[in-house]
Structures are given as C-alpha cells and as structure tokens.
Amino acid sequence: MPEKIEIPYDIYESPNEVVIIMPLWWVKKESLELKVEDYRLIIRGVREKIALRDDFIPLKEECYRWDIKLMIDLPPQSYFDRIHSKLTADSVLQVIVPKAIVPDQIELEIEYNS
C-alpha cells in the first residue's frame, strides 16, 4: 500500500499568475504544509479519519488512510515570495502564484566615459 496518495488538481494560467485548485477533503488547515523548493510547490497534509463505532471492521480504506504529498512544477519566472493560498470552507485549496512580467524587448542605455 502506498505511503501517500496523490490528489487530482487543476492549474489555470493568465499572463499575470498561475492558479492551482485542488480538493482536500478531510484535510485540516493545521496539517497542511506548503513550501517552494527547486521551482516546485510541495504540498503535504494529513487526512483526518472520521470516528466510527469500535465494532466496525474496515473492508476497504482509501479515503482517509494515506498522507498527501504533491509536487507541482512552477514557472521559473514566478514571484515565489508572493505566493499565497487559502483553504475554503468546503476544503478546496487555492494557491495563487504571481508571475513576473517578461517583456519581449528591453532597450538598454550605453554608458560612455570620455
């Protein structure tokens, strides 16, 4: 059995930012860890198992059993220090990654020392 489970997610891009949206049902904010390392967003979390009566024996467990770990490649021109995220009331994580604007062309001045 795997030690962690990967969660499906969506990525949207505009000229100014990248938005990552993923459902994290049964994951509490306190267990979430987000960090950027080597141009990757790393998301870790622990699923909270709901309490059942003691006489229930699991026949199949996939929803709560494993920790979550995702690694998502980010554009290299991102403002990594301006990334922000929020967890909605219905346990959907939204991560907004602002992108640096890269112009098509930059005029450079030439200094002249006489």
Item to check | segment 41-59 - residue that is surrounded by 10 or more Cβ atoms within 10 Å (Cβ to Cβ) and either at pLDDT 95 or above or among the aliphatic types (A, V, I, L, M) (or both) and, of those, farthest from Val102 (Cα to Cα) | outcome: Val46
Checklist outcome for this item: Residues of segment 51-77 being outside any loop (DSSP other than H, G, I, E, B) and more than 14 Å from the chain's Cα centre (by Cα), in sequence order, are Asp67
Checklist entry - In segment 79-114, what count of residues is obtained for those that are closer than 27 Å to Val46 by Cβ and not in a helix (DSSP H, G or I)? => result 15
Item to check | Identity of the residue in segment 33-50, within 25 Å of Ser14 (Cβ to Cβ) and hydrophobic (A, V, I, L, M, F, W, C), that ends up farthest from the chain's Cα centre (by Cα) | outcome: Val36
Next on the checklist: Taking the condition of being farther than 17 Å from Ile11 by Cβ and more than 15 Å from the chain's Cα centre (by Cα), how many residues in segment 80-112 meet it?
Outcome noted: 15
Checklist entry - Hey, does segment 69-82 have a residue that's over 30 Å from Val102 (Cβ atoms) and not small (Gly, Ala, Ser)? => result yes
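The values are calculated or read from the model by the stated rules, or taken from the named source; none is laboratory data. From a predicted model like this one, the values you see are computed outputs, not experimental measurements. Cβ coordinates were reconstructed from backbone atoms using ideal geometry, including for glycine residues, and neighbour counts include every protein chain displayed.
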